[in-house]
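S.K.: The structure's right below; bear with me while I get my questions together.
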Amino acid sequence: MILSSPAAPTLKPGLYSQYQAVRNLSEVLCQPLEIEDYGIQGMADVSPPKWHLAHTTWFFETFLLHPYLPSYQGFHPTYGYLFNSYYEAVGARHPRPERGLLSRPTVADVYRYRAHVDEAMETLLHQQGDHPAVVALTTLGIHHEQQHQELLLTDLKYNLALNPLHPAYRPAIPSASPSASPSPSPLTFIEFAGGLHTIGHQGSGFAFDNEGPAHRVYLQDFALASRLVTNGEYLEFIAAGGYRTPEYWLSEGWAIVQSQGWRAPLYWEQRQQDWEPGEQRDQEEQPQGQWWTMTLSGLHPLDLAAPVSHISYFEADAFAQWRGCRLPTEAEWEVAAAGVPIQGNLLAANALQPQAAPGLGGLEQLYGDTWEWTQSAYLPYPGFRPAAGAVGEYNGKFMCNQMVLRGGSCVTPPGHIRPTYRNFFPPSARWQFSGLRLAQ
């Protein structure tokens, strides 16, 4: 699959056209899937593609069509139970770890559900497209679906990686070949002045509630690395005994390293040979113990110049400690990103995997490639208040035991990243495209 203009649209003026573009992209992203791929759930934290398609549809049905379109007839009385994610105020829901056990509704049923809701949303938006609540909730639903587009791809990668066949979501394209990356640009540190700075969303345009209110923070002088840490640099950490040296690790991280047997980032695999059993080759023809990694185009040799990805907060922090550095705070990251154009290896670039920094100078890879772990706990900003009603559960109730990531990844949809965007995951999470930038 190649993402072209119909697949990765720039959002057009008008709420309905924005709605159509995002809904279309979700289905385009599923075009390479086989029917068997739609129902797989490899662990409790991921969801099957079929569930993502239905849940994003449930969001519009629940929060817009039932309250604001009196003529609307629900598609199925049990779908509210099956496809609610975590909204306690809406009612009971199917257990999250069991989403992959649902052979029914079928994939065809889910696509019919989407078409049913899309038709009703067209009616609603043409009838009440200027209603403030309809505008606000539809906009939220659009960005919610973009979040699930990213999750669909990251979850799918995890599911496919469990298969010993190492199946590809799609073939690699020449411009994004894992072996095409040049040598990494030199890693330098760029200095920023401390003092009082304002962070958080302000002004017009959409933002999630956790991005505000805007407020002032005091920072010491700091410096950020010019690019993300590469696979080659992370290999040096492994070779130096990084996963065997407890003094680099936070206590909880070291306990997980021991209990889970972590020795490398998720999806890395050290292979003794890359030829079929029984095939004869000279021992010097192929390096022994070469590292490979699972990508959305299957298993490939590790690209040493590309950013390291699929590491936990604990691994990012341990690497920074080993290098005599630290992770940036989210305030430092946002101050450094102020004024930097929002461009990079995002979903529209069609690589679907992190790429080497282009070496153009300045701060590179702020947007795209990998989400960047910060040392900041995910907490409310001063004055934060969740919205009234069930949609208030969107972000606020997760402000505990999570760490903030910034900058987007290679599967973040177009129009869905901002300098103020606060992503968050538990510090042990690794299945997201998560990497690191060093700070001093």
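Here, each number is a calculation from the coordinates, and none is a lab measurement. No experiment lies behind these values; they were computed from the predicted model shown. Positions of Cβ are generated from backbone atoms using ideal geometry, with glycine treated the same way; all protein chains shown enter the neighbour counts.
S.K.: Listing 17, 409, 226 from the residue with the fewest other Cβ atoms within 10 Å to the one with the most, what is the order?
M.R.: 17, 226, 409
S.K.: So what's the gap between the Cα centers of the range 26-70 and the range 192-221, to the nearest angstrom?
M.R.: Here the two parts' Cα centres lie 33 Å apart.
S.K.: May I pose another question? With 10 angstrom as the radius, rank 142, 173 by how many other C-beta atoms surround their C-beta, starting from the fewest.
M.R.: Result, fewest neighbours first: 173, 142.
S.K.: Let a ≥ b ≥ c be the square roots of the eigenvalues of the Cα gyration tensor of the chain; is it rounded (a/c under 1.5), or, if not, prolate (a/b larger than b/c) or oblate?
M.R.: Oblate, since a/c reaches 1.5 and b/c is not below a/b.
S.K.: For the range 150-163, in order, what is each residue's ³J(HN,Hα) by Karplus, 6.51 cos²θ - 1.76 cosθ + 1.60 with θ = phi - 60°, in whole Hz (x at glycine and Pro)?
M.R.: 5, 5, 4, 6, 5, 5, 4, 4, 4, 4, 5, 5, 6, 7
S.K.: What is the magnitude of the charge dipole of the range 15-161 about its Cα centre, with +1 placed on the Cβ of each Lys and Arg, -1 on the Cβ of each Asp and Glu, and no other charges, expressed in debye to the nearest 20?
M.R.: The dipole of the range 15-161 has a size of about 220 debye.
S.K.: Kindly express, to the nearest 10 degrees and within the range 0 to 90, the angle between helix 251-260's C-alpha long axis and the longest C-alpha principal axis of the chain.
M.R.: With rounding to tens, the tilt is 90 degrees.
S.K.: If packing is taken as the mean number of other Cβ atoms within 10 Å per residue, what is the order of 76-89, 339-352, 239-252, highest first?
M.R.: My ranking of the peptides, most packed first, is 339-352, 76-89, 239-252.
S.K.: Suppose every K and R has +1 on its Cβ and every D and E has -1 on its Cβ; what is the size of the dipole of the range 298-440 about the Cα centre, in Debye to the nearest 20?
M.R.: 260 debye
S.K.: Given Cα pairs under 8 Å that are at least 6 residues apart, what percent is the relative contact order of the chain?
M.R.: Relative contact order of the chain: 19 percent.
S.K.: Let me ask you something else. In what order do 190, 238 fall by count of nearby beta-carbon atoms within 10 Å, going from fewest to most?
M.R.: Listing 190, 238 from fewest to most nearby Cβ atoms yields 190, 238.
S.K.: Can you tell me the order of 191-200, 417-426, 126-135, 150-159 when each peptide is scored by its average per-residue count of other Cβ atoms within 10 angstrom, highest first?
M.R.: Most protected by this proxy first, the peptides run 150-159, 417-426, 191-200, 126-135.
S.K.: Using a/c under 1.5 as the rounded threshold, could you call the range 15-161 rounded, prolate or oblate? The axes a ≥ b ≥ c are square roots of the C-alpha gyration tensor eigenvalues, and prolate needs a/b larger than b/c, oblate otherwise.
M.R.: prolate
S.K.: Next question. Tell me which of 292, 54, 189 sits at the most positive position along the dipole axis of the chain, charges placed on C-beta atoms (Lys, Arg +1; Asp, Glu -1).
M.R.: So the residue furthest toward the plus end is 54.
S.K.: Arranged from highest to lowest average of other beta-carbon atoms within 10 Å per residue, in what order do the peptides 304-316, 378-390 appear?
M.R.: Those peptides, ordered most packed to least, come out 304-316, 378-390.
S.K.: While we're looking at this one, here's another question. Is the range 88-197 best put as rounded, prolate or oblate by its Cα gyration tensor, with a ≥ b ≥ c the root eigenvalues, rounded for a/c under 1.5, and otherwise prolate when a/b is larger than b/c, oblate when not?
M.R.: Since a/c reaches 1.5 but b/c is at least a/b, the shape of the range 88-197 is classed as oblate.
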